[in-house]
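The values are calculated or read from the model by the stated rules, or taken from the named source; none is laboratory data. Please read all numbers here as calculations on a predicted model, not as lab measurements. Note: ideal-geometry Cβ built from the backbone for every residue, glycine included; neighbour counts use all protein chains shown.
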Amino acid sequence: KLKVAKSLLARAKGFWTDSPEFGDAENKLNQLIAKVKPKPKPKIRAREQSIDAISGNTGDGASRVNWKPMESDSECTKRLAGYGKRAKAICFDMIHKSARGPLMVVIPNGDTYEKPFAIAKYEISVSDWSKYCILSGTCKPIKDKDKRNDPIRNISLQEAKDYASWLSERTGKIYRIPTKSEWEYAANAGGKQPKKDFNCRVSVNQKLIKGTGIVSVKSGKSNGWGLKNYVGNVQEWVMDEKALLVRGGAYTDAHSKCAISLEREHKGEGDEATGFRLIRENVG
């Protein structure tokens, strides 16, 4: 507002160039503007911008310090339940002073679940996985910046569980692969579904125009509780009492078949079409 006032004052001086009052007013405005502190960047953004600062570290560095769980600026709490479409309702845990864990949304309780829980807003990405590799020293990070928002693929279920266990140890919270029931409850979002514009195969005149490959985990529209790409892109592991399953379909499936209900058994080996997201318990 001060800069706007200064601009208007400059226009007025154009009409009355000989008025000493304008000079005094301009000096006072400049003094006020000088006192205004610049608006700080959001802490979340500043921390994440410096993730490249740890990319040169190995397991001998960042992973072996006397780490203690850090307080998050965006803790997952009950008050966020059901508002995951809003940016301010996205929550996370810190895994390093310069890096946060997977972005989560809080799923409200209901007839099925007495307590709310958090689930990854996006499929676990190459960026998420690479942070783990750098800080744990147990795997090789993917340094291609163009792939950071791709869903992580070609890893085994055991590797995904190891990542969840590391997150649990690192944050003091419990992370794990969702059960079939939890995943379905979060994906359905109480019936609040977007237009069916997911990344599955669509052909026109025998030419593939969609589903040609994976897309960014952040692409597409979210359901009513904030989840994205729970249908299509990559099929996601869920735990069942009888068998390991994948849900939601992948970019390799026909668009007409892709749905929350699409389910198949899986061996838990890494492949091009399978990824995952995680549950986080301990919602405050």
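For the reader, a short list of remarks on this structure follows.
- Here the condition is being in contact (Cβ under 8 Å) with a residue 12 or more places away in the chain and closer than 22 Å to residue 225 by Cβ; of 142, 90, 152, 95, it holds for 90 alone.
- Residue list for region 104-125, restricted to those being part of a loop (DSSP other than H, G, I, E, B) and within 22 Å of residue 249 (Cα to Cα): 121, 122, 123, 124
- Filter result for residue 277 (basic (Lys, Arg), modelled with pLDDT of 95 or more, under 24 Å from the mean Cα position of the chain (by Cα) and under 18 Å from residue 104 (Cβ atoms)): yes
- Criterion violated by residue 253 - all others in (1) without any contact (Cβ under 8 Å) to a residue 12 or more places away in the chain; (2) surrounded by 13 or more Cβ atoms within 10 Å (Cβ to Cβ) satisfied: (1)
- Only one entry in 217, 246, 283 is assigned to a strand (DSSP E or B), surrounded by 20 or more Cβ atoms within 10 Å (Cβ to Cβ) and not hydroxyl-bearing (Ser, Thr, Tyr), namely 246.
- Residue in region 183-199 that is part of a strand (DSSP E or B) and touching a Cys at 6+ places or on another chain (Cβ under 9 Å) present: no
- Evaluating residue 271 against the criteria (1) among the acidic types (Asp, Glu); (2) surrounded by 23 or more Cβ atoms within 10 Å (Cβ to Cβ); (3) part of a loop (DSSP other than H, G, I, E, B) leaves one unmet condition, (2).
- If the condition is being within 19 Å of residue 270 (Cβ to Cβ), in a loop (DSSP other than H, G, I, E, B) and in contact with a Gly (Cβ under 8 Å, 6 or more places away or on another chain), then region 131-173 contributes 138, 152, 153, 154, 155, 156.
- Residues in region 72-103 that are part of a strand (DSSP E or B), in contact with a Leu (Cβ under 8 Å, 6 or more places away or on another chain) and not β-branched (Val, Ile, Thr): 91, 96, 99.
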